[in-house]
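Engineer: Sending over a structure as structure tokens; questions will come in a sec.
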Amino acid sequence: MSYEEPTHEELAKDTLGRMMADLSEDCWCAVWLRDLEFTLWETLTAGGRDFGWGRIEERDITRMKNLHERAGGWWIWVKGEDCQRFVTTEEWLQILARKKEPQAGCPGV
């Protein structure tokens, strides 16, 4: 039986996913709160914030930033598949940009 050690990137990726899910569970009693990935990303730039029954502290933000940078991506919820999926930072920024685009036929949204 052979054992291959996980890379630092793989460990960072897994830890980031667990941290995001744990924040959702601890603060909202939800495995993955709707739009969690967007809320947590916004928190990375805006700073600490109240979050459900808890608070996302600066140390959590710093850790998420570091894990994101080491992993090279971010976790998202895949609607229709009901699961999380890791995407690269490039993919994530495209998803984020699409989310911020106004919806066709819905001015001001």
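Every number here is computed from the coordinates shown, using simple stated rules; none is lab data. Bear in mind the structure is a predicted one, so any value in this text is a computation, not a measurement. Using ideal geometry, Cβ is built from the backbone for each residue, glycine included, and neighbour counts are taken over all protein chains shown.
Engineer: Which net charge results when you count Lys and Arg as +1 and Asp and Glu as -1 among the other residues whose beta-carbon is under 15 Å from that of W32?
Structural biologist: -3
Engineer: Further question: Pull up the cross-link candidates among the aspartates and glutamates for K100, meaning alpha carbon to alpha carbon under 19 Å and not fewer than 8 places away within one chain.
Structural biologist: D35, E37, E42, E90, E91
Engineer: Ok, one more. Could you state the per residue volume, in Å³, of the convex hull enclosing the Cα atoms of the stretch 8-100?
Structural biologist: Each residue corresponds to 92 Å³ of Cα convex hull volume.
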